[in-house]
1. Using 7 Å Cα-to-Cβ label points, what is the I12/A115 separation (nm, one decimal)?
2. I'd like the orientation of helix 2-15 relative to the chain: the angle between its Cα long axis and the longest Cα principal axis, in ° from 0 to 90, rounded to 10.
3. Which value results for Rg/Rh of the range 73-128 when Rg is the Cα radius of gyration and Rh the Kirkwood radius based on the inverse mean 1/r?
4. Longest span of the chain, sites excluded, free of trypsin sites (Lys or Arg not before Pro) in DSSP loop with at most 11 other C-beta atoms within 10 Å?
5. From the gyration tensor of the Cα coordinates in the range 1-46, what semi-axes in whole Å does the equivalent ellipsoid have, largest first, with each one equal to sqrt(5λ)?
6. Express the Stokes-Einstein translational diffusion coefficient of the range 98-147 in µm² s⁻¹, to the nearest whole number, given a Kirkwood radius over alpha-carbon pairs, 25 °C and a viscosity of 0.890 mPa s.
7. Within the chain, what's the longest stretch lacking GluC sites (Glu not before Pro) that sit in DSSP loops with no more than 14 other Cβ atoms inside 10 Å?
8. Using Cα pairs under 8 angstrom and six or more residues apart, how large is the relative contact order of the chain, in percent?
Amino acid sequence: MEDLVQDAFIQIFRSMGSFRGEASLATWLDRVAVRSAYSYLNKRRHENVRLAVVPEPMSTEPGADQRLITREATRRLYATLDKLAAPQRVAFTLHVLDGRTLKDVSLAMSATIVATKVRVWRAWQAVRGAAKRDPLIAELLGTDKGG
């Protein structure tokens, strides 16, 4: 754009001697600038403009298909948890999914820490068994990669 403005000014200074005063100076300046712009655009039309292929930006967000797979894996995990006894399911959910400490879970459930550990362990056994049978649960838990 700056080059185009500079070209227009050069054309105005070169053409100043041919200004006859039949129109206002502003109109004459506008016409010279417009002709300069048309000239620039006509030159560009004949140039081969090559567009570079712009790579897709890498997104850290999962795609729609990955979100769908994760949602289905989560549904299957919760279906597995629904089959557990209520104390095991609650202990697992509070400790593993919510991230609460075993002490907090045992207090919330009015149970000993040992009983809470056993409940969480049994729930883990059931979830790992489901992960062995279901690759989506295994992927969600990361057990397919040794997690």
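Each reported figure results from applying straightforward, stated rules to the coordinates on display, with no laboratory input. As the structure is a prediction and not an experimental result, all values here were calculated from the model. So basically every Cβ, Gly included, is an ideal-geometry build from the backbone, and we count neighbours across all protein chains shown.
1. Each label point is offset 7 Å from its Cα along the Cβ direction, giving 9.0 nm.
2. Tilt of helix 2-15: around 10 degrees.
3. Working: Rg = 10.5 Å, Rh = 11.0 Å.
Ratio of gyration radius to Kirkwood radius for the range 73-128: 0.96.
4. Working: sites that count: R20, R50, K83.
Looking at the chain, 84-147 is the longest stretch - no exposed trypsin sites (Lys or Arg not before Pro) with at most 11 other Cβ atoms within 10 Å.
5. On the way: eigenvalues 89, 22, 15 Å².
Semi-axes, largest first: 21, 10, 9 Å.
6. 205
7. Working: sites that count: E22, E47.
Formally, the longest exposed-site-free interval is 48-147.
8. Numbers: 83 pairs, mean separation 27.9, N = 147.
RCO, the chain: 19 percent.
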